[in-house]
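Okay, so here's the structure we're looking at.
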Amino acid sequence: MQEIKVGILGLGTVGCGTADVLARNAAEITRKTGIPICVTMACVRDKNKTRECDSDTFSITTEPMDVVTSPNVDIVVELIGGTELARDLVSAAITNGKHVVTANKALIALHGNELFRLAENAGVQMAYEAAVAGGISIIKSIREGFAGNQIEAIAGIINGTGNFILTEMRDKGRTFEDVLAEAQELGYAEADPTFDVEGIDAAHKLTILAAIAFGTPLQFEEVYTEGISKLELIDVDYAKELGYRIKHLGIAKKIDGDLELRVHPTLIPEQRLIANVNGVMNAVLVKGDAVGNTLHYGAGAGADPTASAVVADIIDVARIMSIGARSYVPGSGFTAAAIKNLPVRKQAEFECAFYLRFEVEDVPGVMSQLSAVFAEQNISIEGITQKEPKKGDNSVSVIFITQKTVERSVDEALEALKTSKILQGSVAKIRVEHLD
Ligand code: NAP
Ligand code: HSE
């Protein structure tokens, strides 16, 4: 083999980043693989667009199928995004005997079961490190580094755009819309940014992490998903006063043989390392029975960090090709026959502590009425804080932090409060995790 030929589908943020890293680190990469890796072809929608990378050394087409069928391509790098066209292209690439590298978490979360099977049967690699947490090599860590463990829990800040928005709003008082626009300009956000702010992108990533951690099929539809768009700045500030930070977390836990798969804003004690992960940075906490707690940190989005993971996958595939091996790690980390479903708990069964903010009239007896409703549900209260009355009316914010409880009990208490007429507005309910 003289060289390994790469075809890139899409020359946007990540595609150009990948072409650029491959070109600028070519000599160092060849020292690692023994064989040069060259981009031979790429596809785009609009040939006239100015590119962020040097695209003069390879051919460019607007026909993506030309890349996946070309005899001049050994590894297809899918960086177009979306699920339907991407699925057709990746399937065609595999059928044509090409190895595939992708950063597309939506594709893996929704169609990964079928694509892994297809790749395994065809004897080609399907690598996707860049699909989760940008430049952090979290797939490799869980699938290979922690292969000797039973994974107990994963909790991660796995959407860079969301973390960037929360950090800028909290630290600089900027508006949600203003920071989102900047995240789009910087190339952090998805083509449809509602994926970032409504938690869908994090749910795609959690789906992948859970499957490789617990040996289950990819099951995106089982992930409970809440985004950051409804989070109020007042709760970010109150949480800070109480010694917490609010982070958007993806959480996957194995509890008594069941799984909890959830994505939502979460209060974390401010002294936890993960509570101090800011801006576009991501961090993933992995707890294994042997290794204990580990924390993995790095840039979660952007051209170079994501390209770092894409190129690492290309190098892995090149190494496998160069020794003529079929593969050394199954796509999900478990042998296909051993992958099995585990029961996934519904929201009502989630177990955690809660931050609850009530707006109530500032009159005697309100606090004891609130407390009585929670006592009725056997929910222990960790702390209660009453804020100053608001100017111009007689309402006050009251914040309860509960001890760990089952979510159904909290919802039943909130339902009972609705009929008691002491509430003056909607209740803010945010889950709390201590991540011990
Ligand atoms: P992007 O900037 O929008 O780039 C997409 C590229 O695909 C563009 O070059 C576009 O061509 C091309 N393309 C789209 N549809 C096409 C079609 N039908 N035919 C030919 N070319 C087509 O997207 P991105 O941010 O690089 O993201 C790519 C993938 O990586 C997505 O799956 C995303 O979720 C994932 N990802 C992104 C990041 C990040 O930080 N951005 C991080 C991790 C993973 P034109 O340029 O001509 O429009
Ligand atoms: N839009 C994604 C994010 C890109 O902001 O995390 C990285 O997957």
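Mind listing whichever residues of the stretch 38-65 are under 20 Å from Ala92 (Cα atoms) and within 10 Å of ligand 1 (Cβ to nearest atom)? Within the stretch 38-65, Ala42, Cys43, Val44, Arg45, Ile60, Thr61, Thr62, Glu63, Pro64, Met65 meet the criteria. Checked across the stretch 386-402, the condition of being surrounded by fewer than 18 Cβ atoms within 10 Å (Cβ to Cβ) and in contact (Cβ under 8 Å) with a residue 60 or more places away in the chain holds for at least one residue. Of the listed requirements (1) away from ligand 2 (no atom under 16 Å from the Cβ); (2) open to solvent by 10 Å² or more (accessible area, probe 1.4 Å), Thr266 misses just one: (2). Counting only residues that are farther than 20 Å from Lys390 by Cβ and free of Cβ contacts under 8 Å to residues at least 24 places away in the same chain, the stretch 361-375 holds 4 of them. Can you find a residue in the stretch 35-55 that is within 29 Å of the chain's Cα centre (by Cα), at pLDDT below 95 and surrounded by fewer than 21 Cβ atoms within 10 Å (Cβ to Cβ)? The answer is yes, given that some residue of the stretch 35-55 is within 29 Å of the chain's Cα centre (by Cα), at pLDDT below 95 and surrounded by fewer than 21 Cβ atoms within 10 Å (Cβ to Cβ). Looking at the stretch 215-228, which of the residues that are among the hydrophobic types (A, V, I, L, M, F, W, C) and touching a Phe, Trp or Tyr at 6+ places or on another chain (Cβ under 9 Å) is farthest from ligand 1 (Cβ to nearest atom)? Per the criteria, the residue is Ile228.
Within the stretch 151-164, residues that are away from ligand 1 (no atom under 14 Å from the Cβ) have Cβ atoms under 8 Å from residues that are aromatic (Phe, Trp, Tyr) in these pairs: Ile151/Phe214, counting only partners at least 6 apart in sequence or on another chain. Take the conditions in a loop (DSSP other than H, G, I, E, B) and in the same structural domain as Leu417 (by TED's automatic domain parsing) and apply them to Gly383. Does it pass? So Gly383 does not fit the description; no.
Residue-wise test of (1) over 18 Å from Gly160 (Cβ atoms); (2) not in a helix (DSSP H, G or I).
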{"site": "Lys253", "(1), (2)": "yes, yes"}
{"site": "Leu261", "(1), (2)": "yes, yes"}
{"site": "Gly279", "(1), (2)": "no, yes"}
{"site": "Ala290", "(1), (2)": "yes, yes"}
{"site": "Asn293", "(1), (2)": "yes, yes"}
{"site": "Asp313", "(1), (2)": "yes, no"}
{"site": "Ile320", "(1), (2)": "yes, no"}
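Pairs are defined by a Cβ separation below 8 Å, a sequence spacing of at least 6 or placement on different chains, a first member in the stretch 228-254 that is more than 18 Å from Gln386 (Cβ to Cβ), and a second member that is open to solvent by 50 Å² or more (accessible area, probe 1.4 Å) and of a type in the set (D, E, K, R); the pairs so defined are Ser229/Glu198; Arg245/Glu270; Lys253/Glu152; Lys254/Glu152. The helices (runs of 4 or more DSSP H) found entirely in the stretch 106-210 that carry 1 or more residues being open to solvent by 60 Å² or more (accessible area, probe 1.4 Å) and within 12 Å of ligand 2 (Cβ to nearest atom) are 176-185, 194-197. Total residues in the stretch 82-103 satisfying the condition of being of a type outside the set (A, V, I, L, M) and more than 15 Å from Ala127 (Cα to Cα): the figure is 6.
Among the residues of the stretch 389-399, the ones that are closer than 17 Å to Leu356 by Cα and either outside any strand (DSSP E or B) or under 34 Å from the mean Cα position of the chain (by Cα) (or both) come to 3 in all.
Kindly indicate whether any position in the stretch 9-18 is part of a loop (DSSP other than H, G, I, E, B) and either over 26 Å from Gly97 (Cα atoms) or among the β-branched types (Val, Ile, Thr) (or both). No.
Residues that are surrounded by 14 or more Cβ atoms within 10 Å (Cβ to Cβ), farther than 23 Å from Thr266 by Cβ, over 32 Å from the mean Cα position of the chain (by Cα) and not aliphatic (A, V, I, L, M) are absent from the stretch 413-421 altogether. Name the residue, out of Arg170, Arg117, Arg143, Arg174, that is under 22 Å from Leu259 (Cα atoms) and of a type in the set (Lys, Arg). It is Arg143. Under 29 Å from Ile212 (Cα atoms), surrounded by 19 or more Cβ atoms within 10 Å (Cβ to Cβ) and of a type outside the set (Ser, Thr, Tyr), is that true of Lys32? Judged against the criteria, Lys32 is not a match. Checked against the criteria, Ala303 does not count as away from ligand 2 (no atom under 16 Å from the Cβ), crowded, with 17+ Cβ neighbours inside 10 Å and modelled with pLDDT of 95 or more.
To keep it simple, each residue is scored yes or no on (1) more than 16 Å from ligand 2 (Cβ to nearest atom); (2) out of contact with any Gly (no Cβ under 9 Å at 6 or more places or on another chain); (3) of a type in the set (Lys, Arg); (4) in the same structural domain as Asp192 (by TED's automatic domain parsing).
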residue	(1), (2), (3), (4)
Gly34	yes, yes, no, no
Lys47	yes, yes, yes, no
Pro64	yes, no, no, no
Ser70	yes, no, no, no
Gly82	no, yes, no, no
Ala92	yes, yes, no, no
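The values are calculated or read from the model by the stated rules, or taken from the named source; none is laboratory data. None of these values were measured; they are calculated from a predicted model. Please note: Cβ atoms are built from the backbone with ideal geometry, for glycine as well, and neighbour counts cover all protein chains shown. We work out accessible area using only protein heavy atoms, side chains counted, and drop any ligands, DNA or RNA first. Shrake-Rupley method; radii C 1.70, N 1.55, O 1.52, S 1.80 Å.
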